[in-house]
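Data first, discussion second: the structure below is written as structure tokens.
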Amino acid sequence: MSTQNEAILRRDLAAAYRLAALFGWDDTLYTHFSVRLPGVEPRFLINPFGLMFEEIRASDLIVVDMHGRVVEGNADYNVAGFTIHSAVHMARADAHCVIHTHTLAGMAVAAADNGLAQLNQISAEFHQRVGYHTYEGIALDLGERERLIASLGDNIALMLRHHGLLSVGASVADAFYVMYYLNKACEIQIAASTLRGIREMPSELSVHACEQFQSAEWQRQLVWEAWLRKLDRECPDYKE
């Protein structure tokens, strides 16, 4: 892949961090997003530990290989982030981008016995497309990687029990879109929990709506381009 294409990946990943800050998904210095770089040797871009999401620029992102070595950049990374992201990038050829968050709604639903409920059209997009991973403590043990991958399977998202949310996609646009609407589904579930007589959708309707969403996944790029225009208006330095 050309330098220009790497530059686009840097721009898009930096944009994802800035958008996450705008949407209130950040957790001071914690949580992390990554995107795989092209090439013979598997490597990925990730945030340098110490910067808040609202500060991250394309040039700040560091390059890490699958052995945990920083091969480009002058900063360290979140060690738990390496465990999680390297696991997915090593096992899922289709998961070029991985996004992990600690949002209030996401962490709350990740603690629920039954996980994500089928309460709304938005949650239907995730019908039978979300895995669940048992909490093992802070992800510092590289041995957890194979269990993370087993929990993720071929799903587009993972609920990390007692921890948070994770999404994957063929591009930053895909993974970010998945996270946006997964988090929205969690917010709806938390809001609905205050009501009486909540009714879940019948399984056959969830299946039908999920298939409809899958047939319209090309629209994700349009949403991403709209988000980029928002950043260009509000904080264009993310591209630097």
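The values are calculated or read from the model by the stated rules, or taken from the named source; none is laboratory data. What you see is a predicted model, and the numbers here were worked out from it, not measured in a lab. When we count neighbours, we look across all protein chains shown, and the Cβ atoms used for this are built from the backbone with ideal geometry, even at glycine. These area figures cover heavy atoms from the full protein model, side chains too; ligands, DNA and RNA do not enter into them. Shrake-Rupley method; radii C 1.70, N 1.55, O 1.52, S 1.80 Å.
Counting heavy atoms of the protein chains only and a 1.4 Å probe, report the per residue accessible area for the range 99-162 as a whole number of Å².
I get 47 Å² per residue for the range 99-162.
For the range 1-43, just the Cα set please: Rg and Dmax, both in angstrom.
12.5, 36
Choose one answer from Val172, Val207, Val40: the residue with the largest mean-square fluctuation in a GNM of the chain with alpha-carbon springs under 10 Å.
Answer for the Gaussian network model of the chain: Val40.
Once you have the Cα-Cα distance between His67 and Ser215, take 0.36 nm times their residue separation minus that, and quote the gain in nm to one decimal.
Gain on extension, His67 to Ser215, equals 49.5 nm.
Report the gain in length on full extension from His162 to Tyr132: 0.36 nm times residue separation, minus Cα-Cα distance, nm rounded to one decimal.
So the chain would gain 9.7 nm between His162 and Tyr132.
Cα centroids of the range 204-229 and the range 54-70: how far apart, whole angstrom?
29 Å
Starting from the Cα of Glu55, step 7 Å along the direction of its Cβ; do the same at Tyr30; then give the gap between the two resulting points in nm.
1.8 nm
Go ahead and set up a Gaussian network model of the chain, Cα springs under 10 Å, then flag whichever of Tyr177, Tyr30, Tyr135 fluctuates most.
Largest GNM mean-square fluctuation: Tyr135.
What do you get for the angle between helix 219-234 and the principal long axis of the chain? Use alpha-carbon atoms, 0 to 90 degrees, nearest ten.
It is inclined by approximately 60 degrees.
On the accessible surface of the chain, probed at 1.4 Å, how many percent belong to carbon and sulfur atoms?
Taking all protein chains in place, the chain shows 51 percent carbon and sulfur surface.
Pairs of Cα atoms under 8 Å, at least six residues apart: use those to get the relative contact order of the range 2-150, whole percent.
In percent, rounded to a whole number, it is 23.
Top to bottom by accessible area (1.4 Å), largest first, where do Asp94, Asp174 land?
Heavy-atom accessible area, descending, gives Asp94, Asp174.
Cut-off 19 Å, label point 7 angstrom out along Cα-to-Cβ of Asp141: give me the residues of the range 85-101 whose amide nitrogen falls inside.
Under cut-off, by backbone N: 85-88.
Given Cα positions, please report Rg to Rh for the chain, the hydrodynamic radius being the Kirkwood one.
0.96
When the distances between all Cα atoms of the range 48-110 are binned every 10 Å from zero, what whole-number percent does each bin get?
Cα pair-distance distribution for the range 48-110, in percent: 17, 46, 32, 5.
Taking N as the number of residues in the range 146-228, what is its Cα Rg relative to 2.2 N^0.38 Å?
1.25
Kindly provide log₁₀ I(q)/I(0) values, in the same order as q = 0.09, 0.10, 0.13, 0.19 Å⁻¹, from the Debye equation applied to equal alpha-carbon scatterers of the range 1-131.
-0.29, -0.35, -0.59, -1.12
Give the accessible area for Phe23 in Å² (nearest 10); use a 1.4 Å probe, count only protein heavy atoms, and leave out ligands, DNA and RNA.
About 60 Å², ignoring ligands and nucleic acids.
Tell me which trypsin sites (Lys or Arg not before Pro) from the range 16-111 have a DSSP coil assignment and no more than 12 other beta carbons within 10 Å of their own.
Loop-located and lightly packed - Arg69.
What accessible area per residue, rounded to a whole number of Å², is obtained for the range 1-51 using a probe radius of 1.4 Å?
Accessible area per residue: 42 Å².
Based on the Cβ-Cβ distance of Ile8 and Ala93, what FRET efficiency does E = 1/(1 + (r/R0)^6) give at R0 = 25 Å, to the nearest 0.05?
0.80
Compare Ile84, Ile198, Ile149 in a GNM of the chain, Cα atoms joined below 10 Å, and give the one with the largest fluctuation.
Taking springs between Cα atoms under 10 Å, the residue moving most is Ile198.
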